[in-house]
Amino acid sequence: MRVAERKSKLRFTITRLALTLFLAVISAACKQPKVDSEMAVKPADVNESRITNADREPQNWMTYGRTYDEQRFSPLNQISDQNVSRLGLAWHYDLDTNRGQEATPIVIDGVMYFTSAWSKVFALNAASGKLLWSYDPKVPGNWAVNACCDVVNRGVAAWKGKIFSGTLDGRLIALDATSGRLIWETLTIDPNFRYTITGAPRVAKGKIIIGNGGGEFGVRGYVSAYDGETGKLVWRFYTVPGDPSQPVESPILTRAAQTWSGQWWKLGGGGTVWNAITYDPDLDQLYIGTGNGTPWSAKFRSPEGGDNLFTCSIIALKPDTGEYVWHYQEDPADAWDFDADEDMILADLVIDGRARKVLMQAPKNGFFYVLDRTNGTLLSAKPYTFVNWASGVDATTGRPVETAVARYTGPDPAPIVPGPIGAHSWQPMSYSPVTRLAYIPVNDAGFKYKLPDSFAAQKLAPNYGVDVVAAGLPQDPKVKKAILATVKGKLVAWDPVQQKSAWTIDRPGPWNGGTLATAGDLVFEGTASGNFEAYRADNGEKLWSFPAQTGVMAGPVTYKIGNEEYIAVLAGWGGVFPLAAGEVSFASGRVRNVSRMLVFKLGGKETLPQVPAVEQPQLPALPNPASSATIRKGEQLFQTYCAGCHGDVAVSGGVLPDLRRSSALTDDSWFEIVLRGDLQSEGMVSFSKELSRDDSAAVRSYVISRRNQNAVPETH
């Protein structure tokens, strides 16, 4: 179809959609409450009927993905491709943290609720940005060592006057939506294990559904349902089998245990539900996505083989009881950290002339999956970007067809694409029923997986089961340049029926933001390089851009108050990629963290305060009498214990301090921090049980060597 014809048809479709919603919108607008601390209705008075019928209230964004189907499509069209150029900042709200911001705000009857880093919760007047209340769950700083991917949080859920959120240290909390007062909290984890909660809870039939993370830290995955009124546990579903000597928690785990070997339960097993949870009221099914096994390498996790169910799987459960219904495993015997924890979208599509109820997911492994959500049958799977670990997915078995490089055997295996950050990670994708396209934030970045000679679980280090030194960015200039040239990002508009790209926007690097599609023929996305942008949904034409002063990763939303439509996005650079990838993250743009909520409207006149420039002077070299053997030892220890927070090969991606610039390199305060834990309130715990003083000194010598490689030569 020619572009002009397609645009004409699109305009007609949008007009019909607008007419269908007209009476509902007018009715809802007439009932809008006063937007102030004195509310005309009970705040966050959300129930299943309201969420199920969310299109009758397009002015609200009542749950993480707006609707139960989590399409992140809004019927609002006041802001459209015809006038988005007039979009301006309406207000902004600065946050008190400089860590990554990943939350999707929800907006209910004029009030915005969201979380920030360190699991803090905020309620703002959605028209003005005025703070109504905030709640700090006071997560202990030292729990940050258990977070693989920054101290982030992705949002809240609302139900019958309560706001629910998970905390980094494993609590589920219920707050009064009017005042922010704590109503109840419950510990959802065993604190003796390194669990975290970073995902947003969901609500299904009055139950608050929450999972957790920790797949790299020796935990066993599960998802739990709690009573929204009392906080009591209703059911729990474990995603991987436990100790065979103990009673089996559910019958399906007996079957799952047959797909494991060795003593996996001593390593935890993994399979955590750290992000993807979707409720389907049509079929009364709850879908969860599960993460990687522990460790990444299947050789050490399950040495005699096996698919390792239910890692890297989509599982359907009964929401009342947590009973297993069906599953689909995307990555049997996963060895690459290819989670299936990325957001899932529900839709009704016509495929091969037949109406199907489908579940769509673009997981880390690079294939776009369309499943029949009634029974988990694979309908199609095609790569939405470049992959080299598999040539396709077998339509009969549903299993990937692995290539010769997939299992990274041999002394010098080839890099695998995608790598651990995935071709698509947690950043939400969206789907427009108007254009019938899914909009995916895509990462193009490979990784050099290599098996180490041996594996032993570490208490305070991620248990990858791969050679962390081999995975480091080489410092040979030509080799490094060649590798960095392959690291890219893009926004892909994907046709899930035809399984092909409709259009693509190239980005300089990965880790760009989640997407929002609207009936105004628009797609919004933030970028890692520091912009918030709008594109025409049908053809990808760039229409508008705003300099956000920081990387934007979170998913945007839109809402309406009175006659004014707003677009909101939480901004603040961070997360696992800039935290751990070091110099590779510079491909996305060397931005700083400036954490704030940004809200836009047509004709908005607000401006952001100027951000002072940060000088990064070249540092002088430091004396380093250590032997080459000591420095090599320090490199191994740094890559094992330190790189996950302070950056690959001692180069910070801009979230935490660059240790090459640390004043502690020159005195004994280095040992007081590393071994005594003087900065544990900020997340830097003591490593005295893992590292001796000589080990710590070797790490320091390695960091000094990395500093000296780029330092100003000493003058005499």
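Laid out as a table, the results:
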item: Residue match in segment 672-685 (condition: surrounded by 14 or more Cβ atoms within 10 Å (Cβ to Cβ), modelled with pLDDT of 95 or more and either more than 27 Å from Gly575 (Cα to Cα) or not aliphatic (A, V, I, L, M) (or both)); result: yes
item: Residue ID - farthest from Gly653 (Cα to Cα), chosen from residues in segment 84-143 that are acidic (Asp, Glu) and assigned to a loop (DSSP other than H, G, I, E, B); result: Asp109
item: Answer from Glu249, Glu304, Glu323 - the residue that is under 24 Å from Ala225 (Cβ atoms), acidic (Asp, Glu) and in contact (Cβ under 8 Å) with a residue 40 or more places away in the chain; result: Glu323
item: Any hit, segment 646-657, residues being crowded, with 18+ Cβ neighbours inside 10 Å, in contact with a His (Cβ under 7 Å, 6 or more places away or on another chain) and at pLDDT below 95; result: yes
item: Options Gly398, Gly366: the member that is of a type in the set (Gly, Ala, Ser), surrounded by 20 or more Cβ atoms within 10 Å (Cβ to Cβ) and modelled with pLDDT of 95 or more; result: Gly366
item: Given (1) under 30 Å from Leu691 (Cβ atoms); (2) in contact (Cβ under 8 Å) with a residue 60 or more places away in the chain, number of the condition Asp453 does not satisfy; result: (2)
item: Of all residues in segment 360-394 being of a type in the set (Lys, Arg) and assigned to a loop (DSSP other than H, G, I, E, B), the one that is nearest to Ser425 (Cα to Cα); result: Lys364
item: In segment 527-536, the residues that are more than 13 Å from Tyr439 (Cα to Cα) and buried (at least 24 other Cβ atoms within 10 Å of the Cβ); result: Thr527, Ala528
item: Residue, surrounded by the most Cβ atoms within 10 Å (Cβ to Cβ), within segment 417-445, restricted to residues that are assigned to a strand (DSSP E or B) and among the aliphatic types (A, V, I, L, M); result: Val442
item: Filtered residue count, segment 528-548, keeping only those that are part of a loop (DSSP other than H, G, I, E, B), polar (S, T, N, Q) and over 21 Å from the mean Cα position of the chain (by Cα); result: 1
item: Any strands (runs of 3 or more DSSP E) falling wholly within segment 259-359 and containing at least 3 residues that are buried (at least 19 other Cβ atoms within 10 Å of the Cβ) and out of contact with any Phe, Trp or Tyr (no Cβ under 7 Å at 6 or more places or on another chain); result: 285-289
item: Count of residues meeting criterion [assigned to a loop (DSSP other than H, G, I, E, B), farther than 22 Å from Gly291 by Cβ and within 30 Å of the chain's Cα centre (by Cα)] in segment 230-258; result: 3
item: Boolean, Gln618 is farther than 17 Å from Ala461 by Cα, exposed (fewer than 13 other Cβ atoms within 10 Å of the Cβ) and in contact with a strand residue (DSSP E or B) (Cβ under 6 Å, 6 or more places away or on another chain); result: yes
item: Residue list for segment 174-226, filter: among the acidic types (Asp, Glu) and in contact (Cβ under 8 Å) with a residue 40 or more places away in the chain; result: Glu185, Glu216
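Conditions (1) within 22 Å of Phe367 (Cβ to Cβ); (2) at pLDDT 95 or above; (3) not hydroxyl-bearing (Ser, Thr, Tyr), marked per residue:
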site	(1), (2), (3)
Trp494	yes, yes, yes
Ile505	yes, yes, yes
Gly514	yes, yes, yes
Thr527	no, yes, no
Ala537	no, yes, yes
Thr550	no, yes, no
Met553	no, yes, yes
Lys560	no, yes, yes
Val569	no, yes, yes
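The values are calculated or read from the model by the stated rules, or taken from the named source; none is laboratory data. The model shown is predicted, which means the values in this text are computed figures rather than measured ones. All Cβ positions, even for glycine, are placed from backbone atoms using ideal geometry, and neighbour counts span all protein chains on display.
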